[in-house]
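Chemist: Attaching a single structure in structure tokens format; questions to follow.
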Amino acid sequence: MTTPPFPLLGTPGFPLTGTPGFQLPGAPGFPMPGTPVGPPQPPEAPAFPVGSRYAGLPLAVAELDGRQVRYVTRRFVPQPDCFALLREHTVVEGERPDTVAAAELGDPERSWLLCDANGVLDPAELTATVGRRLRITLPEGVPGVADA
């Protein structure tokens, strides 16, 4: 058995307990998975921030183990031809979807817009191939100017 190049939790010098900032799930101050965190939100409260790909989608309610659980309804990915092309970006070595989004859109959390405009579901696919030309577009439904 080879020794990993990093310390493992629970090994001498790197214990599971007593490590600053580390707590096991269910420990005081660390809720069990599935436990609601924060104050309850009213049903009409927006579930996602304005810039999210899910912003504005209707919410539904389901019964789960005797609890009512809100969930976002399905989002249909738009077709790439629904977007007016502004320019193209050629992927270079070392780029990631978030770095392209930051450079081209001004916000690294909007890489999902690049996915939509390029017909991609997995963001990593955007930058997997050096030399790929990515479509940088206007938001869906915003018409472009012909031959601009």
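Chemist: Give me, ordered by chain and number, the residues 5 or more places off Leu134 or on other chains with an amide H under 5 Å from its own placed amide H.
Modeler: Correct list: His89, Thr90, Val91.
Chemist: Highest mean first, what order results for 114-120, 60-66 on Cβ atoms within 10 Å? Provide the component values of the computation, followed by the final result.
Modeler: Working: 114-120: 20.1, 60-66: 8.4.
Descending mean neighbour count gives 114-120, 60-66.
Chemist: Report the charge-dipole magnitude of region 80-137 in Debye, nearest 20, computed about the Cα centre from +1 at each Lys and Arg Cβ and -1 at each Asp and Glu Cβ. Please list the in-between numbers first.
Modeler: Values: 6 positive and 11 negative charges, 38 e Å.
Roughly 180 debye, rounded to the nearest 20.
Chemist: Along the charge dipole of region 80-137, Cβ charges K/R +1 and D/E -1, which of Ala103, Thr90, Thr127 sits furthest on the positive end?
Modeler: Looking along the dipole axis, the top candidate is Thr90.
Chemist: Take Arg53 and Ala128, extend 7 Å from each Cα along the Cα→Cβ direction, and tell me the distance between the two endpoints in nm.
Modeler: Here the answer is 1.5 nm between the modelled labels.
Chemist: Relative contact order for region 80-137 using alpha-carbon pairs under 8 Å, separation at least 6, rounded to a whole percent? Please report the intermediate quantities before stating the final value.
Modeler: On the way: 88 pairs, mean separation 28.0, N = 58.
After rounding, I find 48 percent.
Bear in mind that the values in this text are calculations on the coordinates, not laboratory data. Keep in mind that this is a model prediction, so the values were computed, not measured. Cβ atoms come from the backbone with ideal geometry, glycine included; neighbour counts cover every protein chain shown.
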